[in-house]
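Okay, so here's the structure we're looking at.
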Amino acid sequence: MALISKDTFHFLNQIKTNNNKPWFEKNRALYEKARAEYLGFVTRLVEGIGRIEGIPEKEPSKYVQRIYRDIRFSKDKTPYKSFFSSIIERGPENRKCPLYIQIQPGRSMMGGGIWDPSPETLKKIRQEIDYDGIGLKKIINSKEFLKHFGKISGARLSRPPKGYEADNPNIELLKFKQLFVQRMFEDEMVLSKDLIPEILKSYKAALPFFTYFEIAMGE
């Protein structure tokens with residue numbers, strides 16, 4: 001049985017078109033129903049992840065991020081997000097790569113890795129890549145990784161980072177300022193019973209990638 005329905009997609013499409021407080025308050029019942037549906041999905045997903053590896057115990061509702069946007073420093077003053085999302089921690093903050101989930105018509109996805117590392121953390125990661133670039137290349141060129149993600153995502157420098165030469169055999173990996181994986185899901189998949197099994201398959205495929213950086217960060 002599918003856990004995300006067309007009703008939830010309908011609400012998300014509507015809030016994108018009618019992104020204002022009067023409409024939201026008038027249609028709050030639609031939001032509450034869609035949020036409850038998303039919470040049911042997250043609950044089942046976390047249960048599935050827990051069967052793959054131990055993760056910190058947390059009330060599933062705590063994983064449902066607020067629909068209200070932080071507009072204090074944004075040029076976009078629309079008050080609401082047009083998607084549901086979660087960050088599922090796999091361990092201590094800044095020590096383990098979390099999993100990100102987003103449900104949005106046309107833009108649903110899962111991802112994880114190193115998103116916004118501190119200079120100190122990025123230094124550790126680059127040291128690990130310089131020391132064991134072969135290990136990372138083996139992971140990202142594996143059959144399962146390529147099947148689920150295709151490639152590493154993330155912002156990159158245009159030039160070699162300070163302290164590394166252009167002829168370093170791992171220079172293209174060392175240029176990354178962020179290193180994460182992501183997989184997009186078509187709407188048909190999101191609205192089917194196969195969504196959680198597919199996310200869990202990709203989660204398993206991402207674990208060697210996560211572990212590589214967790215070792216670099218000192219896990």
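Would you please list the contacts, defined by Cβ atoms under 7 Å and residues six or more apart or on different chains, that run from a residue in region 169-193 that is open to solvent by less than 80 Å² (accessible area, probe 1.4 Å) to a residue that is among the β-branched types (Val, Ile, Thr) and at pLDDT below 95?
That search, which allows pairs on different chains as well, returns Gln178/Ile114; Leu179/Ile114; Phe180/Ile114.
Identify, from the list Pro105, Pro98, Pro117, the residue that is within 20 Å of Leu45 (Cβ to Cβ) and either at pLDDT below 95 or of a type in the set (Asp, Glu) (or both).
So the residue among Pro105, Pro98, Pro117 that is within 20 Å of Leu45 (Cβ to Cβ) and either at pLDDT below 95 or of a type in the set (Asp, Glu) (or both) is Pro98.
The values are calculated or read from the model by the stated rules, or taken from the named source; none is laboratory data. Small disclaimer: the values here were computed from a predicted structure and weren't measured. Neighbour counts are summed over all protein chains in view; Cβ atoms, including those assigned to glycine, are modelled from backbone coordinates with ideal geometry. The area values use the complete protein model at the heavy-atom level, side chains included, leaving out ligands, DNA and RNA. Shrake-Rupley method; radii C 1.70, N 1.55, O 1.52, S 1.80 Å.
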